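Data block below; observations after.
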Amino acid sequence: MADPAIAIPDQGDPAVRAAQEDRLRAVWAAPRGLFFRWTDTNNNAVGIWYVLTAFGMMLFAGVLALIMRAQLAVPDNDLVSAGTFNQLFTLHGSMMMFLFAVPMFEAVSVLILPQLLGARDLPFPRLSAFGYWSFLIGGVFVGGSIFFNAAPDGGWFMYPPLSTDPTLSGIGADIWMLGLSFIEVSSIAAAVELIVGVLKCRPPGMGLNLMPLYAWYILVVAVMILFAFPPLIAGDILFEMQRLLDWPFFDPARGGDPILWQHLFWIFGHPEVYIVFLPSIAIFAMVVPTFAQRHLLGYPWIVLAAVGTGFLSFGLWAHHMFTIGLPNISIGFFAAASEAVAIPTGVQIFVFIATIWAGRVIWSTPMLYAAGALAIFVVGGLTGVMVANAPFDWQAHDTYFIVAHLHYVLVGGVLFPLFAGLYYYWPLVTAKKLSDRLGRIAFWFLFVGFNIGFFPMHFTGLMGMPRRVYTYPAELGLGTLNLVSTIGAFLFAAGVAIILVDLFLSPRRPRVARNIWNAGTLEWLAVPKTPDEDWGVRSIPVIESRYPLWDQPDFVRKVDEGRYFLPDAEEGERELIVTTVLDAKPLQVARIGGPTVVPMLAAATLGGFFILTTFHLYWAALVSAAAALGVILWWLWTGTGIIPEKAEKHAGLGVVLPLYASGPASPGWWAMFITMVGDATAFGSLIFGYFFYWTIHSDFPPAPAPGLDGPGLFWPMVALALILAGWALTIAARESNARGRVGIARLALLLAAAATGAGALASLAGPWTTGLDPRLHVYPAIVWILVLWIAAHAAVGVIMQLYALGRSLAGRMTPTYDGDVRNIAVFHHFLALSALITFLTIAFFPRLV
């Protein structure tokens, strides 16, 4: 609220502004030095590293594709062996999906979201840095495996039973599974960062109805990641338990079922297509209005369409499984849902066409790429409607028709829009403009090369050529079509090479003016890359329009003169404005961490756990995991929940805001809540597995026999009671602390830790005392997995309770500054719910059936 007693700096005085800028410059200065420059956490730096690394992964995966096309150029070719070809197509698909498409979305978002929101940074910049280092380590580990002839070779969806057999698939499947699981951690970390950033770090006045469309798409996609990736993580756990310990989740001879993997994979895999497609549509939403020089038409409709696309994408996964023998009612449902998704997709495309139609279009290079993308994507969409029909899919399944469809969707829906974004945002990031001439030449190489390369694949597929064969006999008559496809692929590669030349030449070009495209959205408020000025915007503006640069009078001047929020950094801290979720009213001035080596160390030690486990070095992996835990606790202890030197400060415009918030008002609480939603999704996937086996197999659970008896009633009920007691005591600690009864709160936390820890041990006692052998049958295996999940989470809960106790004893948590205990209470809400579902299921369900 405004305080009339506050002395407001005279922003009209150049000397005042210069002093403020000096302080901002010092606070946001990037670290220097050969090593320390990599400890930066500013989104401007991390976003650029992220983009370049993801782009490098794309180039590497593209080279693998060219080798494959060279192999298939002529019949009976022997350029590479069948085994090498298997590794090439597996790594190509895996890298394009896991190491390029999704990370590139997150990279671009980390880079430009703060500018889009007029913020100085995202709320957890160190989490962004952790995500980047995890991505880099995991990507090098997975991608580099091909140089040691150890790359995965089971296709990018790793179907069992071949991939779960270590003697057939070698170590490549472990590299795929554990390496990509590590990368999924970074993806979820980035998703949490982006969701909290969009919901809590918008500038004052920017209600949900004024949010830039790119931010809407980021929100939708980040939420999709939160629900799509955890089922794959759950599947990865089952997959690795079978490979490493012979627990038969996918072995039909012992009650398992490989179809469960297909469900879990495609519950992730199909939304994945929209996870990489929607951000590219978002780039259109920024590019089209700028070059049509008008507001985007149908803003509410395109927001609803984006949300609808995200929602529907989770109801389509089984159309990848039409050939496995699904019931007719399931096929009918998933076919209808697959075709229904064309409706919101069509709404978005028609909105862009209508905006172009109504505006005065400037046919710039970014617009050229956008138009090419729409043309290619529409072809991919139409063939998608074709394969959504089960009778057609039965004929085209696993042929080159699917390869053509997939690439028309992904190249039209992802790659071309990214190139449009590259030419559009390059001046904002580097202050240099890419060449229009080279850009247009590259476009035509890409557009023509792509269509020459992939359109013939529709026919090779319809002629019966299966995907993933490393050669074919000349008698089949497929040689000419394959040769044409190979020529097209190399033309396409030439287009990419021209873009690379353009990028390398750009540093020699003159510096461009601010807002070179005369755009209306906030990101163009930033002055293009100015040395030593990494603060983003000079002051955090008040927003009254979706296109403030066009609609708000004197907007840029007022921002530059620091007439809005946080024009200064008088306490020497990096600060953000935190606002309410719906209408963006100012709530808090939040302080964020600066450069540190901690995210890099956390990623390295956690990566060590995954990599060492791949090579069965379990003791070394445990040491690395313990080191990761220590680093993360150090990170939390020294970098979060810091008590400020004063309760509140003048944030600008006469408004005084608190420097600390806890509970739902704070970004940390939201981050914990969102993380636990993803965690609950993974848990729900394991529960889905339990009931899947019961639904599919009449012998689940099996008749009582040694090693197959259930966990009984006693220990599951004891475990449930103890974990619920730990939850209740945590709540009691939170409430006692808030009422100033610190001693009672500390005692409650200690008892809560004891109860939760005992609950973890009691969880394991059930299957242990009844002798459940997880290698005999899938029933004891899935019971063990569920109790291990609960026990592991209970152990984390104990660490959290003891951490909060330690913070209280150290004076870092008080009745006023109580974010730690409020955040861990959120974790224990989810733990209590998971324990309730698990123990009621494993104890009582077998008796009901």
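The values are calculated or read from the model by the stated rules, or taken from the named source; none is laboratory data. Computed from a predicted structure; not experimentally measured. When we count neighbours, we look across all protein chains shown, and the Cβ atoms used for this are built from the backbone with ideal geometry, even at glycine. Surface areas here come from the heavy atoms of the whole protein model, side chains and all, with no ligands, DNA or RNA. Shrake-Rupley method; radii C 1.70, N 1.55, O 1.52, S 1.80 Å.
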If you plug each phi of region 273-286 into the Karplus form 6.51 cos²θ - 1.76 cosθ + 1.60 with θ = phi - 60°, what whole-Hz ³J(HN,Hα) values come out, in order, with x for Gly and Pro?
4, 6, 4, 8, 7, 4, x, 6, 4, 4, 5, 4, 5, 8
Take the eigenvalues of the Cα gyration tensor for the chain, scale each by 5, and report the square roots as semi-axes in whole Å, largest first.
41, 40, 23
Evaluated at q = 0.18 Å⁻¹: base-10 log I(q)/I(0), Debye formula over Cα of region 62-110:
-0.59
Amide proton proximity set for Q588, modelled H, under 5 Å, gap of 5+:
V578
Label-point separation, L629 to A703 (7 Å along Cα→Cβ), nm:
4.4 nm
If N is the residue count of region 144-242, its Cα Rg over 2.2 N^0.38 Å rounds to 1.46
Please list the non-local residues whose amide H lies under 5 Å from the amide H of T399, H modeled 1.01 Å from N, same-chain partners needing a gap of 5 or more.
R467
Rounded D (µm²/s) - region 28-139, Kirkwood Rh over Cα pairs, Stokes-Einstein at 4 °C, 1.567 mPa s:
82 µm²/s
³J(HN,Hα) across region 589-599 via Karplus (A = 6.51, B = -1.76, C = 1.60, θ = phi - 60°), whole Hz, x for Gly/Pro?
9, 9, 9, 10, x, x, x, 6, 8, 4, x
Residues meeting the amide H criterion for K649 (H placed from the backbone, H to H distance under 5 Å, 5 or more places apart or on another chain) are L657, L659
What do the square roots of 5 times the Cα gyration tensor eigenvalues come to for region 248-378, in whole Å, largest first, as semi-axes of the equivalent ellipsoid?
39, 14, 11
Counting helices only, and only those DSSP H runs with n ≥ 4, report the 222 nm mean residue ellipticity of the chain as the sum of -39,500 (n - 2.57) divided by its residues, in deg cm²/dmol to the nearest 500.
-22000 deg cm²/dmol
Share of accessible surface on carbon and sulfur in region 495-642, whole %, 1.4 Å probe and ligands ignored, is 67 percent
Projected area averaged over all directions for the convex hull of the alpha carbon atoms of region 559-600, nm², comes out at 4.6 nm²
Please list, in order along region 567-577, the HN-Hα scalar couplings obtained from phi with the Karplus expression 6.51 cos²θ - 1.76 cosθ + 1.60 (θ = phi - 60°), rounded to whole Hz, x for Gly and Pro.
x, 9, 9, 5, 8, x, 10, 7, 10, 10, 8
In the structure shown, of K200/K649; K433/K649; K433/K585; K432/K585, the pairs separated by more than 29 angstrom at the C-alpha atoms are K433/K649; K433/K585; K432/K585
Would you compute, for the Cα atoms of region 709-820, the largest minus smallest coordinate along each principal axis and list the three values in descending order, in whole Å?
54, 20, 14
Share of alpha-carbon pairs per 5 Å distance bin for region 629-729, given as whole %:
2, 8, 7, 12, 15, 12, 10, 8, 7, 6, 4, 3, 2, 1, 0
Peptides ranked, highest mean first, by Cβ atoms within 10 Å: ranges 241-247, 703-709:
241-247, 703-709
Compute the Cα gyration tensor for region 94-138, then decide on rounded, prolate or oblate, letting a ≥ b ≥ c be the square roots of its eigenvalues: rounded whenever a/c is under 1.5, prolate when a/b is larger than b/c in the other cases, and oblate in all that remain.
oblate
For a quick size check, give me the Cα extents of region 1-73 along its three principal axes, largest first, whole Å.
77, 33, 22
W357 to Q395: FRET efficiency via 1/(1 + (r/R0)^6), r the Cβ-Cβ distance, R0 60 Å, to the nearest 0.05?
0.95
Per q in 0.16, 0.19, 0.28 Å⁻¹, report the Debye log10 I(q)/I(0) for region 304-345, using one uniform scatterer on each alpha carbon and no solvent.
-0.39, -0.53, -0.90
Leaving out ligands and nucleic acids, and using a 1.4 Å probe, what accessible area per residue does the chain come to in Å²?
37 Å²
Calculate the FRET efficiency for W444 and S545 from the Cβ-Cβ distance with a Förster distance of 45 Å, rounded to the nearest 0.05.
0.75
I want to check the label-to-label distance for W38 and L617. Put each point 7 Å from Cα in the C-beta direction and report it in nm to one decimal.
1.9 nm
If you take the C-alpha gyration tensor of region 513-614, multiply each eigenvalue by 5 and take the square root, what semi-axes do you get, largest first, in whole Å?
34, 18, 16
Unit Cα scatterers, Debye sum, region 652-693: log10 I(q)/I(0) for q = 0.18, 0.34 Å⁻¹
-0.66, -1.03
